[in-house]
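Below is the structure I would like to discuss, written out as structure tokens.
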Amino acid sequence: MEHRGGLARSSDEAFERMKSEGARLFSCLNESTGVGRNEMQTTKPYTILTQVVLDAYKKVKANRGAAGVDEETIKEFEQNLKGNLYKIWNRMSSGSYFPPAVKRVEIPKDDGKTRKLGIPTVSDRVAQMVVKLYLEPVLEPIFHEDSYGYRPKKSAINAVGKARERCWRYDWVLDVDIKGFFDNIDHELMKKAVQKHTNCKWILLYIERWLKAPVQLEDGTMEARDKGTPQGGVISPLLANLYLHYAFDEWMKRKSPNTPFERYADDIVVHCKTELEAQHSKEILEKRLAECKLQLHPEKTKIVYCKDGKRRLDYPNTSFDFLGYTFRARLAKTRREDFFVNFSPGVSNKSKKRLMEKVREMKIQRKSGTDLNGLAETINPILRGWINYFDKYYKTATFSTLQRIDDILVNWAVNKYRSFRRNRQKARKWLRVIAEREPELFVHWQLGINRTAEQ
């Protein structure tokens, strides 16, 4: 490739030259807003900052992720890092980048069905991240304040907290489930939504190509797509948020301005004052989603009564799950130590089950060649993340599950030490002594959760 100052001798040198020039280049995003106008003539049809390609790679690496259809891992991608990044920049800038097929992986769900995830290649994830880095700052300011999914400075726990607060003020909830949302996004409506916010040709070009990219099934066969965006793609969450911004958020703002909601991607909770209002919201939402080529799940969408110590009506549904928490009536205590029944979130049974499945997959009890310090290094990262999320609200709901971790440690001790094989209670007492002496060793011990004493 020809550059100022002569011919680059290698892709490494070319990328270094691009990087040095990158600070002086500007991208086109939306000429009507004057944001990112191209102020230089380049030999490429599209001007894409080389520094953005590098930043995109760093974010993809931080997010990790599995290999795509080419089976190339991030570690393998890095073996020719500069050459690979140069290739992405060169093809995207020239308009000749075509995304490879997306690898489909089916993840088991709690209801016995599977969730279809689409895994792009590492190179394609970098390319998608490039577009995201350009497009997200344009879209972020227009998104609704109660849209929490995959957004900077917003999180699932923020959504749970806001839902908790509103459940105290509103007696009814419409628990919304959109059937196969990511698989059923209409491509034409999606493209119209993107075009509303940018006329940048290369962004529109590549988003259209990603929407149309085929899927490779587990048996190797290819499947064409005429709708949907792969759940698992880098650009998919941003596109999904934009789609529901118009299909739901803005529509609710116009039609029901006094009906608050929390939305995390396609997980939605709508708060209503009366059962009649909840029924009406369900009816009009069903029609609205149909206009947007989407459908309410007939079984999972339900109206819930927020029953507690003061709200005592009988109703079929008095609980709902949202982002790993179950909202239901729970015993609470005031600052004066008085007890009352409150409608609050606590870790769901499904979330407890998923944690224990992850721990069992580690096969801790079989690691007889490892000591407790080694076990702690293995299990603590998972426990820490789980506790940090579910310890936020009604933390006592986590205790029974975390106590079961000690049962697994007892099994490990029995397998490792002959003196414990016929005396499990002796193993429990031994662990209790260690927990008292080294409470920082395991994350759940730091909370004072230890059931190794003799029962």
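The values are calculated or read from the model by the stated rules, or taken from the named source; none is laboratory data. Keep in mind that this is a model prediction, so the values were computed, not measured. As a convention, Cβ positions derive from the backbone with ideal geometry for all residues, glycine included, and neighbour counts pool all protein chains shown. In case anyone asks, the SASA skips ligands and DNA or RNA and just uses the protein heavy atoms, side chains included. Shrake-Rupley method; radii C 1.70, N 1.55, O 1.52, S 1.80 Å.
Just to confirm, what accessible area per residue do you get for the chain at 1.4 Å probe, in whole Å²?
52
Considering the zone a paramagnetic label at R115 would reach in this model (a point 7 Å from Cα along the Cα-to-Cβ line), which residues of the range 298-328 have amide N under 19 Å from it?
Correct set: 298-302, 320-327.
Taking the Cα atoms only, what angle lies between the long axis of helix 81-94 and the longest principal axis of the chain, rounded to 10 degrees?
Between helix and principal axis, roughly 60 degrees.
Which entries of K307/K429; K154/K293; K58/K196; K44/K293; K116/K192 show an alpha-carbon separation above 31 angstrom in the structure shown?
Flagged as over cut-off: K307/K429; K44/K293.
Let me ask you something else. Under a 1.4 angstrom probe, counting protein chains only, how are R336, R360, R428 ranked by accessible area, largest first?
Heavy-atom accessible area, descending, gives R336, R360, R428.
When only Cα pairs under 8 Å and 6 or more residues apart are kept, what is the percent relative contact order across the chain?
Computed value for the chain: 13 percent relative contact order.
To the nearest 500 deg cm²/dmol, what mean residue ellipticity at 222 nm is calculated for the chain from DSSP H runs of n ≥ 4 alone, each contributing -39,500 (n - 2.57), summed and divided by the residues?
Here the helix-only value at 222 nm equals -13500 deg cm²/dmol.
Could you tell me what percent of the accessible area of the chain is made up of carbon and sulfur, with a 1.4 Å probe and every protein chain present?
For the chain, the apolar C and S fraction of the accessible surface comes to 47 percent.
If you filter the range 42-90 for trypsin sites (Lys or Arg not before Pro), then keep DSSP loop positions with at most 11 other Cβ within 10 Å, what is left?
Answer in residue order: R64.
In the structure shown, do any of K191/K302; K162/K253; K367/K426 have a Cα-Cα gap over 24 Å, and if so which?
K191/K302
Moving to a separate point now. Within 14 Å, Cβ to Cβ, of H280, how many net charges do the neighbouring residues add up to if Lys/Arg are +1 and Asp/Glu are -1?
+1
Let a ≥ b ≥ c be the square roots of the eigenvalues of the Cα gyration tensor of the chain; is it rounded (a/c under 1.5), or, if not, prolate (a/b larger than b/c) or oblate?
Since a/c reaches 1.5 but b/c is at least a/b, the shape of the chain is classed as oblate.
Under a Cβ-Cβ cut-off of 12 Å, what is the net charge of the residues other than G149 that fall near it, where Lys and Arg count +1 and Asp and Glu count -1?
-2
Just to verify a number: FRET efficiency for R254 and H297, C-beta to C-beta distance, R0 = 25 Å, to 0.05?
Efficiency at R0 = 25 Å is approximately 0.55.
Would you tell me the accessible area of H280, worked out with a 1.4 angstrom probe on the heavy atoms of the protein chains, in Å² to the nearest 10?
Taking all protein chains as shown, H280 has close to 100 Å².
By per-residue mean of other Cβ atoms within 10 Å, what is the highest-first order of 144-154, 415-425, 224-234?
Taking the mean over residues of other Cβ atoms within 10 Å, the ranking is 224-234, 144-154, 415-425.
Oh, and also: Once the whole set of protein chains is in place, how much accessible area is left on E78, using a 1.4 Å probe, in Å² to the nearest 10?
Solvent-accessible area, nearest 10 Å²: 60 Å².
Among 369-382, 398-411, 322-335, how do they line up by average Cβ neighbours within 10 Å per residue, starting with the highest?
398-411, 322-335, 369-382
Working with all protein chains in place, sort K307, K429 by solvent-accessible area computed with a 1.4 Å probe, largest first.
K429, K307
Below 11 angstrom from the Cβ of T326, what's the summed charge of the other residues (Lys, Arg +1; Asp, Glu -1)?
Surrounding charge for T326 is +3.
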